[in-house]
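Bear in mind these aren't lab numbers, they're just calculated from the coordinates by the rules spelled out. Keep in mind the model is a prediction, meaning the values are calculated, not measured. As a convention, Cβ positions derive from the backbone with ideal geometry for all residues, glycine included, and neighbour counts pool all protein chains shown.
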């Protein structure tokens, strides 16, 4: 990720910030929080459940009816992400375990959900060429607003439990199917 060397200025490595998960927007948000003296994260150790799940009772309005990812934009797998997935697949094979990819849930209203599912399906096709994919019916899009807390990516405690159970069932089903890559 960030490989700052002694004597290297922040600005010479600033482009590396965009390589963080969630991209440049996340990096800019973090820099803004630092500049305003706000805590970097809303979650703290008191939000941790046994097993590590972090949940908050905080509820925030976020744009309802729109996709929380890039509406109408087809996601493309970057070369770095493809290399990472290939490394995960190879390491899993070396260890004798099975690695699969599944999209996390993100909120979208009913109308934009259809568009987002089409884009997610295309994205999963790219991923499936590298590592096995478990496709759930919603293709990573969940339309129940009450299942999200402070953003369209943070599930409530109950929704996270439901998602975990659903994912376990999907994994059990996928174990009955032959592995492609």
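Run the numbers on the stretch 61-174 and let me know its relative contact order in percent, using alpha-carbon pairs under 8 Å that are six or more apart. Spell out each step's value before the answer.
On the way: 137 pairs, mean separation 37.7, N = 114.
Reported relative contact order: 33 percent.
Grab the Cα-Cα distance for residue 167 and residue 84, subtract it from 0.36 nm times how many residues apart they are, and report the gain in nm with one decimal.
So the chain would gain 27.7 nm between residue 167 and residue 84.
With 10 angstrom as the radius, rank 143, 149 by how many other C-beta atoms surround their C-beta, starting from the fewest.
143, 149
Extending each Cα 7 Å along its Cβ direction at residue 53 and residue 157, get the distance between those two points in nm, one decimal.
0.9 nm
Tell me, 30, 36 in order of fewest to most beta-carbon neighbours within 10 Å?
Numbers: 30 16, 36 7.
Least to most surrounded, the residues fall as 36, 30.
Relative contact order, percent, of the stretch 90-142 when contacts are C-alpha pairs under 8 Å separated by at least 6 residues?
54 percent
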